[in-house]
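See below for the structure under consideration.
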Amino acid sequence: MLHQVLQRALELNASDIFIIAGLPLSFKIDGAIQRENQILSSEDSASMVSALYAAANSRPENRLREKGDDDFSLSVPGLARFRVSAFKQRGTLSAVVRVVPFTLPDPKKINIPDAVLALANRQKGLVLVTGAAGSGKSTTLTCMIDEINKTRNCHIITIEDPIEYLHRHKKSIVTQREIATDTEDYLHALRAALRQSIDVILIGEMRDYNTIATAMTAAETGHLVFSTLHTVGAANTIDRVIDVFPAEQQRQIRTQLAMVLEAVISQQLIPALDGTVVPVFEIMTASNAVRHMIREGKIHQIDSVIHSSPAEGMISMDTSIFALYEANRISKETALSFATNVDLMEKRINMAR
């Protein structure tokens, strides 16, 4: 039965599968959830979750049953890879399964701008891709890592929880490590990576103080480091990184971050007029003005620098949204709903009419 469900998801071009007792099997398609007919019993959902574990090289279920949740990935030959988030819900076993094709995404087809891919050309420093959960951060990072893999002769290490896309060795060597399967946690894997002749590191998520501190040290010592945060906007992201550290260290961290940060990409997925979803990006590059503001703690001024610095490769979120509106990709209502400054967006739309 599991194989049929996974096959059905591919036929529907679904991004996610919902296996939850008391509801029909459901699929997320272009941001909307579509339900099947038959309601799953608790036995049905438990059986399908167990089948997912069996398909993942007979991964033991003890973490799920003891801790209440577990993340892992699996491959089904001839179909795709799948990222599983299994959890307990009202005493029953459930799962949300993300569909990850074997083929890497084509940045042109999924509307990732050249300005984002160009950041893969940086030789060292810290590049952060940020946004809410499910906003496409992993896909954007995959495209950037593939760009390096195709163009540079170097060693790339990815540390992921779990691994989503599989990279083949092209011009580079790509080593992929999965938390819990290949290594204990991000911090141990990151510290080990610094002894493995690496040039580029992808950290799936900077979750805590120690991981952030080690990532910044790696960037400071000449490596190119990519990672993600669940923040929206460059200013919020920089504040989040600094606030992780104790107050007495924050001045030092601002100085260090100003030196190592290369760019912050923030992204959202918004509904398009054709029924699909389209990514929209804010790009902040670490210009001299931005570095000065980080050092001096004037983070609140960064948004105005982004808005006024297109010549330095920066673009604000609202400018990206307005460009989609002008291209008739999204409605006025959608533009206003996702804008960071609703009043200014409405003025721009009215002036454009």
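The values are calculated or read from the model by the stated rules, or taken from the named source; none is laboratory data. Computed from a prediction, not measured in an experiment: that's the story for all the values here. Here the Cβ is made from the backbone with ideal geometry for all residues, glycine too, and neighbour counts use every protein chain on show.
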Report task. Considering (1) within 20 Å of GLU160 (Cβ to Cβ); (2) at pLDDT below 90, say which one SER58 fails and leave the rest. Result -> (1)
Report summary line: Exactly one of ARG295, ARG251 is basic (Lys, Arg) and in contact with a Lys or Arg (Cβ under 8 Å, 6 or more places away or on another chain), and that one is ARG295
Query raised in the report: Inside the range 160-178, can you point out the residues that are in contact (Cβ under 8 Å) with a residue 40 or more places away in the chain, of a type in the set (A, V, I, L, M) and crowded, with 17+ Cβ neighbours inside 10 Å?
Result: ILE163
Query raised in the report: Given ALA219, ALA247, ALA234, which one is buried (at least 22 other Cβ atoms within 10 Å of the Cβ) and more than 22 Å from GLU160 (Cβ to Cβ)?
Result: ALA234
Report task. Tell me, please, whether a residue that is under 20 Å from MET284 (Cβ atoms), surrounded by 15 or more Cβ atoms within 10 Å (Cβ to Cβ) and either out of contact with any Gly (no Cβ under 7 Å at 6 or more places or on another chain) or in contact (Cβ under 8 Å) with a residue 12 or more places away in the chain (or both) can be found in the range 103-110. Result -> yes
Query - Matching entry among SER41, SER45 (being modelled with pLDDT of 95 or more and either farther than 19 Å from VAL99 by Cβ or surrounded by fewer than 14 Cβ atoms within 10 Å (Cβ to Cβ) (or both)) - result: SER41
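The rows are residues; the columns are (1) within 19 Å of the chain's Cα centre (by Cα); (2) farther than 30 Å from VAL280 by Cβ.
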| residue | (1), (2) |
| --- | --- |
| GLU147 | yes, no |
| LYS150 | no, no |
| ILE156 | yes, no |
| LYS170 | no, no |
| ALA180 | no, yes |
| TYR186 | yes, no |
Report task. Give the range 64-89 a look and list any residue that's over 24 Å from the mean Cα position of the chain (by Cα) and either touching a residue at least 40 places away in the same chain (Cβ under 8 Å) or in a strand (DSSP E or B) (or both), or say none. Result -> LYS88, GLN89
Report task. Only residues in the range 316-329 that are of a type outside the set (Lys, Arg) count as the first member; pair them with residues that are part of a helix (DSSP H, G or I), Cβ under 6 angstrom, at least 6 apart or cross-chain, and list the lot. Result -> SER316/ILE306; SER316/HIS307; ASP318/MET345; ILE321/ALA335; ILE321/PHE338; PHE322/ARG348; TYR325/ALA335
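Against the definition (within 18 Å of the chain's Cα centre (by Cα), aliphatic (A, V, I, L, M), in a helix (DSSP H, G or I) and over 21 Å from ILE157 (Cβ atoms)), how does VAL241 come out, yes or no?
Here the answer is yes, as VAL241 does meet what is asked.
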Query raised in the report: Which of the residues spanning the range 244-273 are assigned to a loop (DSSP other than H, G, I, E, B) and either in contact with a Phe, Trp or Tyr (Cβ under 6 Å, 6 or more places away or on another chain) or in contact (Cβ under 8 Å) with a residue 24 or more places away in the chain (or both)?
Result: VAL244, PHE245, ALA272, LEU273
Requested in this report: State all residues of the range 310-353 that are under 21 Å from ALA234 (Cα atoms), over 25 Å from the mean Cα position of the chain (by Cα) and surrounded by 15 or more Cβ atoms within 10 Å (Cβ to Cβ); if no residue qualifies, say none.
Outcome: MET345
Requested in this report: Evaluate the range 191-210: report whether one residue or more is more than 20 Å from the chain's Cα centre (by Cα), among the acidic types (Asp, Glu) and over 24 Å from SER135 (Cα atoms).
Outcome: yes
**Report entry** Matching residues in the range 127-159 - criterion: being basic (Lys, Arg) and surrounded by fewer than 21 Cβ atoms within 10 Å (Cβ to Cβ)
**Finding:** LYS150, ARG152
Report task. Could you tell me which residue of the range 19-33 is modelled with the lowest pLDDT, considering only residues that are farther than 15 Å from GLY91 by Cα, under 24 Å from the mean Cα position of the chain (by Cα) and part of a strand (DSSP E or B)? Result -> ALA32
